[in-house]
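This report concerns only the one structure given below.
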Amino acid sequence: MRMVRCLTGGFLIAFCAAAQPRECPAVDIAPGSTTAGTIEATDCRLSEITRNNLLPVVYGKQHRLTLTERGVQRFEVTGAGFGPALYIFNDNFVLLANNGTGAAATAPNARVVIHLAPGAYRIVVAGRTAAAVGSFELKAVTDGLRNCPIEDVAAGAAAQGSFSETGCRFLDLSPGSTNENPVAFFRVPVARRGVLDVQVQSSLSTLATVLTPAQGTTPVFSGGASLTASLTANTYLIAVSTRAQFGPFSLQTRFDDLRTCAPVDLDPNSGVGGELAADDCRMLDLQVPSAVTIPADPYRLRVAQPSVVQLDLSSTSFDSLLRLWSANGTPITDNDDFSNSTVDSRILIHLPAATYQVLATAFRGSADPLPAGPYEMKAASEPPRKCDIPALALNQAVEGPFRTEGCRLLDLAVFEEEPAIVTPFALPAPRRSIVRIDMNVPGAAAELDLIHPTLGIVTAGFTDRAGNAAAELQLPSGDYTLALLSSTENPPPFTVRAALRDVPDCPATELTLGETVQGTISASDCRYLEIVPLVRPVTRSKLYRANAARAGRVTFELASDEFEPVLVVADSEMRPIAVAQRATPGTTALAGTLPAGVYNLIVTTARDNPGSFTLRTAFEPSGGPAPSSSARPEISSAQPDSHGDTEWMGPDLSEAAPGLRFAAKRKAVRRPDVPPARARK
């Protein structure tokens, strides 16, 4: 135990006294009980009860509630002489819900209705203002989970439904939910790829529809009283809801084939005219699944050798939007307005030799009519500029001025769109290594970009207020290029230093699918970037390896009450397949199908805080012979409650070309107090 020695005299006594946490006793309450209490000026503050200084500075009383079964709990508090607020925490003081904090200071009531799983919870009654005190009455009422039936509807058929005060609510579906809006469900089988149109008619206002697969979590499409989406063959659920209203409604569905979308060849150095119309191919016809109904004209662009390609789309009838996809429909980039003074679109990009799709389409606001009218498309291409690239001396400071002419960033990196002039250096990695790059440019906005010869930009660093920028990650062996650039006019000289070191040994623990393991993340564990190449996270991590002898359905659950859990599933070559994370301590999960093969499971944290965890796995072998190793894993988030999140700045799981995803990551990180190194809209 850490000992703190309090010295006598002056402010040190006060400091040591404040450092000792106060005891804030909890009153045990039972489900279905009513408890009276009083908040006094001698009580603990909310921040003392929870050990969270970000919560309001108000007095409060905490209560402990233990639930043995899942259900809906309704908490109601009435204050005498003050306005009460309610806070619902789990037993580790992770905030689940609160009410009354935004109400008038003297409003006498607060109420929270929430779906809770079995476990221990902390219910805190507090004031709404710093000095609020007085007596209160707290009711804890247990409501049963309501039945949520699913009605079967054929694609193209109609159905009738009704919202009632005793019917299904969103919160009946998911622990942690507080959404009391009524909801009705319909199951629609879709036998082939096509377009499903859903229309809801009712005298009720604020209708909403949500379309999602009956099994799995993606895709999810939402709309108002109508929804149109292109879908693959599957069984889907339609959720119809409204806001605190009750009454009947009718549901009408229609299923249509996808419209034929034959691409027109676009010469890399030519122009073409076209027209968008309501009966044209739509975005949802080109990309399945999708719910974008805007018209789009597809073009085929063949690039015979690596080139810098410029595409322009203009129209006097609509706000143009230009999209560039790979031949198989993977989005690469897009542009709406290429400057603040135009609604025309332009893409300038370095493309490797391949065939691409170019889509002429439009931007549409939520209240705008469907875009229509003529447009003009232009294409131009040129070889990337030749670049003089000297070698960068390792393990020593290298100084020099920024170049003002010569190579552009897009000349060096495939799938790059930035035309700014750069100062390049060759940085070879003769074997798998950890690279650390530091740059200093006093008083200037500058950045460093590390470029892989075929993947494009794999990492970047940006100067802080002191003019320092840094980047660190694991590199596979290969020849890399370091590019330096600055947006400051007449920037001072830069100083850059690069060092390579061996990758530490990060042994994997063998895991049998179906097994549950306990573990702890500590400060001595490998960092994420030391396990997975070409990513930036420095969080400490644990590595497991599982062998799927045959194909099957897997479920992975990662739980921790001490840190925000992040679970990554990667293939045998450590390429991430799927990732799930929670924004708070708790459980996150992934589920789906995997071909036979060896897989890596990486347990890490969102904020690099250590702690213990439980990793549960389940495996159901599929019937028939194991598919070939070329079969594609299909695995997605399977969050058990409403606090899950699958977005993380760790491994990028998009299907776009690797150079794009790293470039996108570079563009997303900017200093808020300085202009970007280059302007782009």
So if I check each of Pro182, Pro189, Pro175, which one is touching a strand residue (DSSP E or B) at 6+ places or on another chain (Cβ under 8 Å) and modelled with pLDDT under 90?
Pro175
Every residue in the range 244-267 that is surrounded by 13 or more Cβ atoms within 10 Å (Cβ to Cβ), within 34 Å of the chain's Cα centre (by Cα), within 19 Å of Val198 (Cα to Cα) and not aliphatic (A, V, I, L, M), please.
Gln252, Thr253, Arg254, Phe255, Asp256, Arg259
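Report the residue count in the range 187-215 for those that are assigned to a strand (DSSP E or B) and not hydroxyl-bearing (Ser, Thr, Tyr). Quick ask: steps written out before the conclusion?
Going residue by residue through the range 187-215, those that are assigned to a strand (DSSP E or B) are 187-190, 194-201, 208-213.
Those still in the list that are not hydroxyl-bearing (Ser, Thr, Tyr) too: 187-190, 194-201, 208, 210-211, 213.
Going through the range 187-215 one residue at a time, the tally reaches 16.
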Search result, residues across the range 230-270 that are under 28 Å from Met377 (Cα atoms) and of a type in the set (A, V, I, L, M)
Leu258, Ala262, Val264, Leu266
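Give me a count of the residues in the range 219-277 that are charged (D, E, K, R) and outside any loop (DSSP other than H, G, I, E, B).
4
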Could you grab me the full set of residues in the range 387-419 that are among the hydrophobic types (A, V, I, L, M, F, W, C), surrounded by 16 or more Cβ atoms within 10 Å (Cβ to Cβ) and over 18 Å from Tyr480 (Cα atoms)?
Phe402
Restricting the range 113-169 to residues that are touching a Lys or Arg at 6+ places or on another chain (Cβ under 9 Å), not in a strand (DSSP E or B) and not hydrophobic (A, V, I, L, M, F, W, C), the one farthest from Thr35 (Cα to Cα) turns out to be Gly156
Of the residues Val188, Val264, Val195, which is closer than 21 Å to Ser162 by Cβ and either touching a residue at least 12 places away in the same chain (Cβ under 8 Å) or of a type in the set (S, T, N, Q) (or both)?
Val188
Candidates Thr587, Thr593 - the one that is part of a strand (DSSP E or B) and either more than 30 Å from Leu455 (Cβ to Cβ) or among the aromatic types (Phe, Trp, Tyr) (or both):
Thr587
What are the pairs, 6+ residues apart or on separate chains, where a residue within the range 114-143 that is free of Cβ contacts under 8 Å to residues at least 24 places away in the same chain and assigned by TED's automatic domain parsing to the domain that holds Asn92 has its Cβ under 8 Å from a residue that is in a strand (DSSP E or B) and small (Gly, Ala, Ser)?
none
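Among the strands (runs of 3 or more DSSP E) confined wholly to the range 1-111, which include 3 or more residues that are of a type outside the set (A, V, I, L, M, F, W, C), within 30 Å of Leu173 (Cβ to Cβ) and at pLDDT 85 or above? Steps first, please.
Values: elements: 26-29, 34-39, 60-67, 71-80, 84-90, 95-99.
It comes to 60-67, 71-80, 84-90.
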Give the residues of the range 310-337 that are more than 18 Å from Ser381 (Cα to Cα), crowded, with 19+ Cβ neighbours inside 10 Å and more than 26 Å from the chain's Cα centre (by Cα), sorted by residue number.
Ser315, Phe318, Ser320
Of all residues in the range 534-546 being at pLDDT 95 or above and not hydroxyl-bearing (Ser, Thr, Tyr), which is surrounded by the fewest Cβ atoms within 10 Å (Cβ to Cβ)?
Arg545
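The values are calculated or read from the model by the stated rules, or taken from the named source; none is laboratory data. Source: prediction; values computed, not measured. Because the Cβ atoms are built from the backbone with ideal geometry, glycine has one as well, and the counts that use them run over all protein chains shown.
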